[in-house]
Amino acid sequence: MHDEACPIFDDMIENHYIGHKFILDNFGVKPRIGWQVDPFGHSNTNARFFAEMGFDAWFFARLDMQDKNKRLDDKTMEFVWRPNESKDTEDPLQIFTHVLYNGYSNPPGMDFDIVAGDPLWVNDRSSLGFNADVKSQQLDQFLSEKAEHYVTDDMIVLFGQDFRFMDAEYYYQSMDAMIEYMNLNYANKYNFIYSTPSNYIDALVKHNVTWTTKYDDMFPYSDVPDGFWSGYSTSRPNLKQQVRSLSSNFHASAQIYSLSALDQEMTKQSFD
């Protein structure tokens, strides 16, 4: 997950090249999903990169509060993003885009990590800590409200937050209990499963929805009235100058190396 406002495009590409190569070399997997949940605004340049990288979709959490409120009202939290360069072409470059409902956080009251204050989900009625009846009502209310803002009846729900899953087994015990209780007591409304963004996108395809289209940037980003996350675009100039300088040297050396590799005579000498 890279920044979208401050870097230049070749650094963004290089960042993904290195990461994707690591994943392919070590796990034999090619990523299908762009995961940009925490940058402070989003550019159509990044949407173009993700489309050209072969991603099926990308997810993010932060967008301007006025934009989000309108999208919630219009049920356009999911849309197709077509970068400006492809707006008028017959076969436009595009990528499916999903805006997360409540950021990259768990539903309210469902933060089961050892560093959080929410109680575990307990199904055992004989236990003094039994709370599944109350928690299930809270979760049902949250999901019912969320469902009003999306087009299909498939829903992606995130669990976790910053620095969560400090004890993954501890967290998953509550999620296991939650899934068991909800599927048993709310089977007429929900079918809970552990899933992934890729599985969610595959499920959406089956609905054959015609999505709305977006072309421009999502900058600047504001999460409170008159409060914009734009200062970081101009802050720390010395650090940014150092990054630009190192980036320039890196890409210049990469070009020289590439030209040398393409020089058959030089390549032959190196192998000899």
Summing +1 for each Lys or Arg and -1 for each Asp or Glu, what net charge is found among the other residues whose Cβ lies under 10 Å from the Cβ of Ile95?
-> 0
How much net charge surrounds Ile8 when only other residues with a Cβ under 15 Å from its Cβ are counted (Lys, Arg +1; Asp, Glu -1)?
-> -2
Please work out the C-alpha center-to-center distance from region 1-68 to region 137-195 and express it in whole Å.
-> 26
May I ask for the equivalent-ellipsoid semi-axes of region 201-272, computed as the square root of five times each C-alpha gyration tensor eigenvalue and listed largest first in whole Å?
-> 43, 29, 9
Looking only at Cα atoms, what is the convex hull volume of region 84-147 per residue, in Å³?
-> 140
Considering the values (i) 19.5, 62; (ii) 22.7, 80; (iii) 42.0, 150, which represents Rg and Dmax of the Cα atoms in Å as calculated for the structure under consideration?
-> (ii)
Put +1 on the Cβ of each Lys and Arg and -1 on the Cβ of each Asp and Glu in region 144-260; which of Thr213, Tyr257, Ile156 then has its Cα farthest toward the positive end of the dipole?
-> Tyr257
Based only on the alpha carbon positions, what is the Kirkwood hydrodynamic radius of region 174-236, in angstrom?
-> 16.5
Of the listed pairs Lys30/Lys135; Lys21/Lys70; Lys70/Lys189, which have alpha-carbon separations greater than 30 Å here?
-> Lys30/Lys135; Lys21/Lys70
So what's Rg/Rh here for region 1-125, counting alpha carbon atoms and using the Kirkwood radius for Rh?
-> 1.05
Dipole of region 9-148, Cα-centred, from +1 at each Lys and Arg C-beta and -1 at each Asp and Glu C-beta, to the nearest 20 debye?
-> 180
In the chain the accessible area split gives carbon plus sulfur, as whole percent at 1.4 Å, a share of 53
If you count the DSSP beta bridges with both ends in the chain, what percent of them are antiparallel, to the nearest 5?
-> 35
Count charges around Asn106 for me, please; just the other residues with Cβ under 11 Å from its Cβ, Lys/Arg as +1, Asp/Glu as -1.
-> -2
Asserting the computed 222 nm helical MRE of the chain (DSSP H runs at least 4 long, -39500 (n - 2.57) per run, divided by residue count, to nearest 500) equals -13500 deg cm²/dmol
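The values are calculated or read from the model by the stated rules, or taken from the named source; none is laboratory data. All values reported here derive from a predicted model rather than from experimental measurement. Every residue, glycine among them, receives a Cβ derived from its backbone with ideal geometry; neighbour counts consider all protein chains shown. What goes into the accessible areas is simple: the full protein's heavy atoms, side chains included, and nothing from ligands, DNA or RNA. Shrake-Rupley method; radii C 1.70, N 1.55, O 1.52, S 1.80 Å.
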